[in-house]
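For reference, the structure discussed in these notes is given below.
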Amino acid sequence: EAGVVQSPRYKIIEKKQPVAFWCNPISGHNTLYWYLQNLGQGPELLIRYENEEAVDDSQLPKDRFSAERLKGVDSTLKIQPAELGDSAVYLCASSLDGTGGTGELFFGEGSRLTVL
Amino acid sequence: AQSVSQHNHHVILSEAASLELGCNYSYGGTVNLFWYVQYPGQHLQLLLKYFSGDPLVKGIKGFEAEFIKSKFSFNLRKPSVQWSDTAEYFCAVNGPGGFKTIFGAGTRLFVKA
């Protein structure tokens, strides 16, 4: 079974530039998450999708961050414009039973962003 | 506020030593508890989980964890670590429905061969 696929693995940009990350979840997983992981910290939820609906985006900085999950499968997270403080690892995860289940998460390898 | 606290940020052990990583959580109501592991260069993956039943749960690679409800704890243990256990370990919790998983800051374990 293929795992969660993310791209790019690494991205280096200058501040004020835009950047986008892509995620393809495990087939059949209806729930998709984007997490932010800063150095030395655990993952923090940015947004959760149930199919194509963003059901929890309370932690997403909406002034510069946006996300979409068209057709309820793969998803894109965008930052525009990027700031120095956005340097972090952006993790995508999916789960089979986000609603009514235990929410066991399956993670991708992450996209490491460096903003210069 | 909901939170997860991991007591040690860095742990160094020699092979064959016993391991116990502490985890305490603050979360109202029924909880599901997890330990995730990230080996060097790999993605986060589930080590073990508790959501009901026997509070002593066993995971992969000889790890186990005990849920003590009265202490809001879910400590991870392994009787004898190996060099290959070198990794970062994250404790995590979510509530009914599994909606919002909250992670601790992680513990980096280094096992000396």
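The values are calculated or read from the model by the stated rules, or taken from the named source; none is laboratory data. Since the model is a prediction, treat every value here as computed from it, not as a measurement. Note that each Cβ is placed from the backbone with ideal geometry, even for glycine, and that neighbours are counted across all protein chains shown. What goes into the accessible areas is simple: the full protein's heavy atoms, side chains included, and nothing from ligands, DNA or RNA. Shrake-Rupley method; radii C 1.70, N 1.55, O 1.52, S 1.80 Å.
Just one of (1) crowded, with 20+ Cβ neighbours inside 10 Å; (2) farther than 18 Å from B:Gln42 by Cα; (3) within 14 Å of another protein chain (Cβ to nearest Cβ) fails for A:Glu50. It is (1).
Yes/no per residue for (1) out of contact with any strand residue (DSSP E or B) (no Cβ under 9 Å at 6 or more places or on another chain); (2) more than 14 Å from chain B (Cβ to nearest Cβ); (3) open to solvent by 10 Å² or more (accessible area, probe 1.4 Å):
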{"site": "A:Lys71", "(1), (2), (3)": "yes, yes, yes"}
{"site": "A:Ile79", "(1), (2), (3)": "no, yes, no"}
{"site": "A:Ser87", "(1), (2), (3)": "no, yes, yes"}
{"site": "A:Leu105", "(1), (2), (3)": "no, no, no"}
{"site": "A:Leu113", "(1), (2), (3)": "no, yes, no"}
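Residues in the range A:1-53 that are within 30 Å of B:His10 (Cα to Cα), of a type in the set (Lys, Arg) and not in a loop (DSSP other than H, G, I, E, B): A:Lys11 only. Counting only residues that are under 14 Å from the mean Cα position of the chain (by Cα) and of a type in the set (Asp, Glu), which one in the range B:50-93 is most open to solvent (accessible area, probe 1.4 Å)? So, considering only residues that are under 14 Å from the mean Cα position of the chain (by Cα) and of a type in the set (Asp, Glu), the one most open to solvent (accessible area, probe 1.4 Å) is B:Glu66. State all residues of the range B:2-24 that are under 16 Å from A:Gln41 (Cβ atoms) and either of a type outside the set (Val, Ile, Thr) or open to solvent by 70 Å² or more (accessible area, probe 1.4 Å) (or both); if no residue qualifies, say none. Selection gives B:Gln2, B:Ser3, B:Ser5, B:Gln6, B:His7, B:Asn8, B:His9, B:His10, B:Cys23.
Specify the residue that is modelled with the lowest pLDDT; the eligible residues are those in the range B:1-46 that are farther than 13 Å from B:Gly104 by Cα, in a strand (DSSP E or B) and within 11 Å of chain A (Cβ to nearest Cβ). I'd like the intermediate steps shown before the answer.
Step one: filter the range B:1-46 for residues farther than 13 Å from B:Gly104 by Cα, giving B:1, B:10-20, B:28-32, B:38-46.
Subsequent filtering for residues that are in a strand (DSSP E or B) retains B:10-14, B:19-20, B:32, B:38, B:45-46.
Adding the requirement that they be within 11 Å of chain A (Cβ to nearest Cβ) leaves B:10, B:32, B:38, B:45-46.
Working: B:His10: 96, B:Asn32: 90, B:Gln38: 95, B:Gln45: 94, B:Leu46: 94.
The selected residue is B:Asn32.
Can you say whether B:Gly29 is in contact with a strand residue (DSSP E or B) (Cβ under 7 Å, 6 or more places away or on another chain) and touching a residue at least 40 places away in the same chain (Cβ under 8 Å), as far as the supplied structure shows? Spelling it out, it is not the case that B:Gly29 is in contact with a strand residue (DSSP E or B) (Cβ under 7 Å, 6 or more places away or on another chain) and touching a residue at least 40 places away in the same chain (Cβ under 8 Å). Evaluating A:Ala67 against the criteria (1) of a type in the set (A, V, I, L, M, F, W, C); (2) touching a Leu at 6+ places or on another chain (Cβ under 9 Å); (3) open to solvent by 50 Å² or more (accessible area, probe 1.4 Å) leaves one unmet condition, (3). Condition check for B:Ser73 on (1) modelled with pLDDT of 95 or more; (2) of a type outside the set (A, V, I, L, M); (3) within 17 Å of B:Val37 (Cα to Cα): one failure, at (3).
Taken together, the residues in the range A:54-90 that are without any contact (Cβ under 8 Å) to a residue 40 or more places away in the chain, assigned to a strand (DSSP E or B) and more than 18 Å from A:Pro25 (Cβ to Cβ) amount to 2.
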